[in-house]
1. Among residues belonging to the range 115-172 that are more than 12 Å from the chain's Cα centre (by Cα) and among the polar types (S, T, N, Q), point out the one that is modelled with the lowest pLDDT.
2. Residue 106 fails exactly one of the following numbered conditions: (1) in contact with a helix residue (DSSP H, G or I) (Cβ under 7 Å, 6 or more places away or on another chain); (2) at pLDDT below 80; (3) more than 22 Å from residue 12 (Cβ to Cβ). What is the number of that condition?
3. Can we say residue 56 is closer than 24 Å to residue 89 by Cβ and either in contact with a strand residue (DSSP E or B) (Cβ under 6 Å, 6 or more places away or on another chain) or hydroxyl-bearing (Ser, Thr, Tyr) (or both)?
Amino acid sequence: MFWIIILIICFLLLLITYQDFKFRAVSWIIFPLLAFFSVYYNLISENPITKILKNSALNLIFVGVQFLLFYLYFALKDKIRSALTKKIGLGDLFFIIAICFLIPPLTFIVFYILSLILSLLLYGLTYFIFKQAIFTGKAIPLAGLQSFFLFIFIITLVILGNLNLNIDNFILNKLLHL
């Protein structure tokens, strides 16, 4: 059952990637499915429900504060009242909310920051090479790129033989030894 859930999560991540690149929109039903299977993954990984709720709440608070500051900045700077939908797609926001239920807070923050940096670098590199945005519209397909990076992260863990997305202790140990 464990591997079936992992395969479903990977399929959903690739589906988000495909739809975001191809159509610049992602079917809304994919995000609640991703959130559901993320919670289910944590349950069958023998994480107590209290830990799942705590981790998800911390991730949601992190995202909420970030998007509130994002909204306030653009609302004040450009006087845009719908700053979130003008500057970032709802699919990007829904994707981030859905993966809040998958990985613990430290792993989530590291993944989130790295995926934003990699998305920006990839976009800049392709723009530099092709002298134009290869992505349709001039917007970055953020949910698509981030879901692809998460897929790569999961596949890397599978290859390494350690499919445990709860790797906060590993990250803490690496950070403490810097």
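1. Applying the filter and picking the extreme gives 136.
2. (2)
3. Numbers: closer than 24 Å to residue 89 by Cβ: yes; either in contact with a strand residue (DSSP E or B) (Cβ under 6 Å, 6 or more places away or on another chain) or hydroxyl-bearing (Ser, Thr, Tyr) (or both): yes.
So residue 56 fits the description; yes.
The values are calculated or read from the model by the stated rules, or taken from the named source; none is laboratory data. This one's a predicted model, so the numbers in the text were calculated from it and none came from an experiment. No Cβ is skipped: glycine too gets one built from the backbone with ideal geometry, and neighbour counts run over all protein chains shown.
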